[in-house]
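Please find one structure pasted underneath; my questions will follow.
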Amino acid sequence: MTAAAGRPGASESSDQELQRWIELARAGDREAFGQLYERFERAVYRLCEILLDDPDAAADAAQETFLKVWNDLPRLRRVEAFGSWLRGAAVQVCRTARRRRRRLGWFSEQPAELPETADQTASGPDLDEQQLTAEVRRALRQLSPEHREVVVLHYFDELPTAAIAASLGVAQGTVKSRLSRARDHLERLLRPRLEG
């Protein structure tokens, strides 16, 4: 979700256009905010879907994120921080959704089974892309929420640790530590499956 997200070959003028939309939206321009929504909606939904592992909950969380951002946008101090700020808002909304669902008994942090989308007996080099994706998703479910957040932001959104730290409001060293532990955990989970 960089400034040029969703626009292959986007130029400096695209960045300037994005900054103009943010400035206008901060001043209450709904049409400009609509442009921001169109540009970032897919990325925010994807982030929420991976963090919540539920398409319906992710759709709700994405909508709630944009509502929160619209209400809080006048307080955004630095336009260039919009991407980190937006991701941070999405993560916070997902955390709240997990707590709320856990309180109501609708959600468990324990890993659930994925729908069977492929032959689950295959392993090693015979794993196709769909099966590999299912294995990675299954392993992600077994990470703590804090570890899942940094993995998603680093490996899916391709953010450097400094940007992740800004999004989550934690120290960069904390992000590096969480990433290291998450990688070790994922390796332990995935190695037996991938090696057959």
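The values are calculated or read from the model by the stated rules, or taken from the named source; none is laboratory data. Computed from a prediction, not measured in an experiment: that's the story for all the values here. Virtual Cβ from ideal backbone geometry, glycine too; neighbours counted across all protein chains shown.
Given the structure, is E41 more than 17 Å from the chain's Cα centre (by Cα), under 25 Å from Y155 (Cα atoms) and of a type outside the set (A, V, I, L, M)?
Numbers: more than 17 Å from the chain's Cα centre (by Cα): no; under 25 Å from Y155 (Cα atoms): yes; of a type outside the set (A, V, I, L, M): yes.
No: the conditions fail for E41.
Then there's this: Is it the case, given these coordinates, that R101 is surrounded by 14 or more Cβ atoms within 10 Å (Cβ to Cβ), of a type outside the set (V, I, T), assigned to a helix (DSSP H, G or I) and at pLDDT below 90? Reasoning before the result, please.
Numbers: surrounded by 14 or more Cβ atoms within 10 Å (Cβ to Cβ): yes; of a type outside the set (V, I, T): yes; assigned to a helix (DSSP H, G or I): yes; at pLDDT below 90: yes.
Yes, satisfied.
Restricting to segment 153-174, name every residue that is at pLDDT 90 or above and over 18 Å from A81 (Cα atoms).
G173, T174 - these are the residues of segment 153-174 that are at pLDDT 90 or above and over 18 Å from A81 (Cα atoms).
Just need a number here: residues in segment 78-91 that are surrounded by 17 or more Cβ atoms within 10 Å (Cβ to Cβ) and free of Cβ contacts under 8 Å to residues at least 24 places away in the same chain.
We begin by selecting, within segment 78-91, every residue surrounded by 17 or more Cβ atoms within 10 Å (Cβ to Cβ); these are 82-91.
When the remaining residues are screened for being free of Cβ contacts under 8 Å to residues at least 24 places away in the same chain, the result is none.
Within segment 78-91, residues that are surrounded by 17 or more Cβ atoms within 10 Å (Cβ to Cβ) and free of Cβ contacts under 8 Å to residues at least 24 places away in the same chain number 0.
All but one of (1) modelled with pLDDT of 90 or more; (2) out of contact with any helix residue (DSSP H, G or I) (no Cβ under 9 Å at 6 or more places or on another chain) hold for E49, so report the exception by its number.
(2)
Applying the selection to segment 125-135, what residues are crowded, with 17+ Cβ neighbours inside 10 Å and either part of a helix (DSSP H, G or I) or modelled with pLDDT of 85 or more (or both)?
So in segment 125-135, the residues crowded, with 17+ Cβ neighbours inside 10 Å come out as 127, 131, 134-135.
Selection gives Q131, A134, E135.
Being over 16 Å from C94 (Cβ atoms), assigned to a helix (DSSP H, G or I) and without any contact (Cβ under 8 Å) to a residue 24 or more places away in the chain is the filter here, so list the residues in segment 145-182 that pass it.
Answer for segment 145-182, where residues must be over 16 Å from C94 (Cβ atoms), assigned to a helix (DSSP H, G or I) and without any contact (Cβ under 8 Å) to a residue 24 or more places away in the chain: Y155, T161, A162, A165, Q172, G173, T174, K176, S177, S180.
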